[in-house]
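Worksheet: one structure, shown below.
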Amino acid sequence: MAVLRFPEENRQIDAEDEIRASLAVLGIDYERWSLDRVSADASADQVLAAYGEEIEEMKRRGGYVTADVIDVNSATPNLEAMLARFDKEHTHSEDEVRFILSGRGIFFFHIQGRVASVEVGPGDLLRVPQGTTHWFTLCEDRRIRAIRWFQDTTGWTPHYTDSGVDKGYQPLCFGPAYLGPRVETTISA
Ligand SMILES: [Fe+2]
């Protein structure tokens, strides 16, 4: 279940309907999907097969051409470098669509002069339109498994805004466990 926060306004929203309505105002789709299709140790292929119908429906809705399963944890090689690609404010030229199977992460959105964070966990689906200014990192256990959809098979690249806005926000996750100090890593993309 997600948690939506507006840090400047000291406002936190935990109710699913309210989260959906508030994110819809920002142009972001939020849904809850069932997790009972597969066991926790299912392979990526098993996950894609189990959610095949929903995956195809989402492709039709958004014009996505492919889907995969991303699996990131503390043992993932170059994890810090990977996280550092996405924890600075950026946009994409295609939608960012994620259905979280396990683990937790936190998205920040910078829209119409406001910053909102959405902590996502198992069962949460977010559809962030192309061009939305955002950043993302993992919660303290540094683990996430998610289905992703793509509009373009040629790649999915962050376009950095270099606004520095992201530096003003700690990625506070539920618990209140958080990632700790920002990891400053320079990546040549
Ligand atoms: Fe992104």
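The values are calculated or read from the model by the stated rules, or taken from the named source; none is laboratory data. Note that the structure is predicted; figures quoted are calculated from it, not measured. Cβ: placed from backbone, ideal geometry, glycine included. Neighbour counts: every protein chain shown. Just so you know, the surface numbers come from the protein's heavy atoms only, side chains and all, with ligands and any DNA or RNA stripped out. Shrake-Rupley method; radii C 1.70, N 1.55, O 1.52, S 1.80 Å.
Only protein atoms count toward the accessible area here, which uses a 1.4 Å probe; on the chain, the carbon and sulfur part of that area reaches 50 percent.
Computed from label points 7 Å out along Cα-Cβ, the spacing between Glu57 and Lys167 is 4.5 nm.
In the full protein context, the chain carries 49 Å² of accessible surface per residue, based on a 1.4 Å probe and ignoring ligands, DNA and RNA. Karplus-derived 3J(HN,Hα) values for the stretch 92-100, using 6.51 cos²θ - 1.76 cosθ + 1.60 with θ = phi - 60°, are 10, 8, 9, 5, 10, 10, 9, 10, 7 Hz; glycine and proline are entered as x. Placing +1 on each Lys and Arg Cβ and -1 on each Asp and Glu Cβ, with no other charges, gives the chain a dipole about its Cα centre of roughly 260 debye. Shown in residue order for the stretch 26-36 are the 3J(HN,Hα) couplings computed by the Karplus curve 6.51 cos²θ - 1.76 cosθ + 1.60 at θ = phi - 60°: 8, x, 10, 7, 10, 9, 10, 10, 5, 10, 8 Hz (x for Gly and Pro). Put simply, the chain fits an ellipsoid with semi-axes of 23, 19, 18 Å; these come from the alpha carbon gyration tensor as the roots of five times its eigenvalues, largest first. Here the calculated FRET efficiency for Thr157 and Glu9, from their Cβ-Cβ distance with R0 = 35 Å, stands at 0.60, rounded to the nearest 0.05.
Taking the Cβ-Cβ separation of Arg37 and Arg114 as r and a Förster radius of 45 Å, what is the calculated FRET efficiency to the nearest 0.05?
Numbers: r = 36 Å, r/R0 = 0.79.
Using R0 = 45 Å, I get an efficiency of 0.80.
Largest first, the three principal axis extents of the alpha carbons in the stretch 31-99 are 33, 30, 21 Å in whole numbers.
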